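Student: Next up is a structure, given as structure tokens.
The values are calculated or read from the model by the stated rules, or taken from the named source; none is laboratory data. What you see is a predicted model; the values in this text were computed from it and never measured. Glycine also receives a Cβ, built like all others from the backbone with ideal geometry; neighbour counts cover every protein chain displayed.
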Amino acid sequence: MRDAMDQPQSHPPSSLGLREGQVRIAHEIYARLKSEILRGTIEPGSLLSESKLARRFGVSRTPVREALSLLASDGLITTLPQRGHLVRTISLYEVLDAFRVREILEVEAAGLAVHRISDAEIAYLRELAEAREGDLPSLNHEFHTIIARASGNRILADFIDKLLMLMRRVLLFDPHLAGWTEEGTQEALAICEALAARDEAAAREAMRTHIRNTLASILRQV
């Protein structure tokens with residue numbers, strides 16, 4: 001049986017004292033802006049204005065401010081006093097650091113997931129691994145998120161999710177770097193097979209190999 005981590009989650013309490021309706025609006029704006037940043041519709045280096053966003057969404061600045069606060073907590077934007085909110089660019093050093101941390105966290109998540117992930121989830125992971133069309137960075141994110149959440153450790157899964165958001169922005173302009181080449185597909189399927197066999201050591205090694213090879217693919221492009 002899954003723990004509370006797998007149950008639908010309500011919006012977290014707002015730090016700005018918003019009413020329930022405002023919290024809902026803030027999270028809708030947050031979700032829209034987050035999607036646009038991750039898809040590249042809002043490009044790195046763009047400056048976001050509270051007043052302009054309030055006019056765009058037809059709301060007051062209060063829920064916009066809360067949405068921007070959530071984006072900042074995700075590491076997607078930086079607040080510049082008196083100027084606005086800057087969509088962060090990503091340096092090669094951040095990419096290297098992120099992959100080092102990803103390897104530590106996702107290898108652990110894969111090992112834990114072996115004992116908790118369902119057969120239905122593994123079947124869906126296989127479908128994601130074999131996908132050739134669609135929003136490939138998003139599918140890659142979903143693949144790794146399912147495994148992270150199956151670990152049963154919410155904090156671990158949340159950290160991995162933040163790293164995956166950073167990776168989606170790195171991979172945005174070349175989806176093949178997301179690992180969805182033939183080589184990457186076989187690596188992802190190897191992870192699925194290890195999970196299906198309930199082989200913890202194999203799952204850890206398959207995830208480690210996949211992450212290291214993905215980083216190597218990125219470095220060959222720079």
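Student: Pick from segment 132-168 the residues that are at pLDDT 90 or above and outside any helix (DSSP H, G or I): which of them is surrounded by the most Cβ atoms within 10 Å (Cβ to Cβ)?
Tutor: By that ranking, first place goes to SER151.
Student: How many of the residues in segment 59-116 are surrounded by fewer than 18 Cβ atoms within 10 Å (Cβ to Cβ), closer than 15 Å to LEU166 by Cα and either among the small types (Gly, Ala, Ser) or free of Cβ contacts under 8 Å to residues at least 40 places away in the same chain (or both)?
Tutor: 8
Student: Name the single residue, out of those in segment 32-51 being small (Gly, Ala, Ser) and assigned to a helix (DSSP H, G or I), that is surrounded by the most Cβ atoms within 10 Å (Cβ to Cβ). Full working, then the answer.
Tutor: Going through segment 32-51, the residues small (Gly, Ala, Ser) turn out to be 35, 40, 45-46, 49, 51.
Remaining after also requiring assigned to a helix (DSSP H, G or I): 35, 51.
On the way: SER35: 12, SER51: 10.
Step by step, filter segment 32-51, then rank; the result is SER35.
Student: Of these, SER60, SER35, SER46, which one is of a type in the set (Ser, Thr, Tyr) and under 18 Å from the mean Cα position of the chain (by Cα)? Working first, answer last.
Tutor: On the way: SER60 fails: under 18 Å from the mean Cα position of the chain (by Cα); SER46 fails: under 18 Å from the mean Cα position of the chain (by Cα).
Going through SER60, SER35, SER46 in turn, just one is of a type in the set (Ser, Thr, Tyr) and under 18 Å from the mean Cα position of the chain (by Cα): SER35.
Student: Looking only at segment 187-216, how many residues end up being surrounded by fewer than 18 Cβ atoms within 10 Å (Cβ to Cβ) and either in contact with a Ser or Thr (Cβ under 7 Å, 6 or more places away or on another chain) or not assigned by TED's automatic domain parsing to the domain that holds LEU125 (or both)?
Tutor: Matching residues across segment 187-216 total 0.
Student: Given the criterion farther than 28 Å from SER151 by Cβ, assigned by TED's automatic domain parsing to the domain that holds LEU195 and of a type outside the set (Val, Ile, Thr), identify the matching residue among GLU121, GLU133.
Tutor: Working: GLU121 fails: farther than 28 Å from SER151 by Cβ.
Just one listed residue meets the conditions, GLU133.
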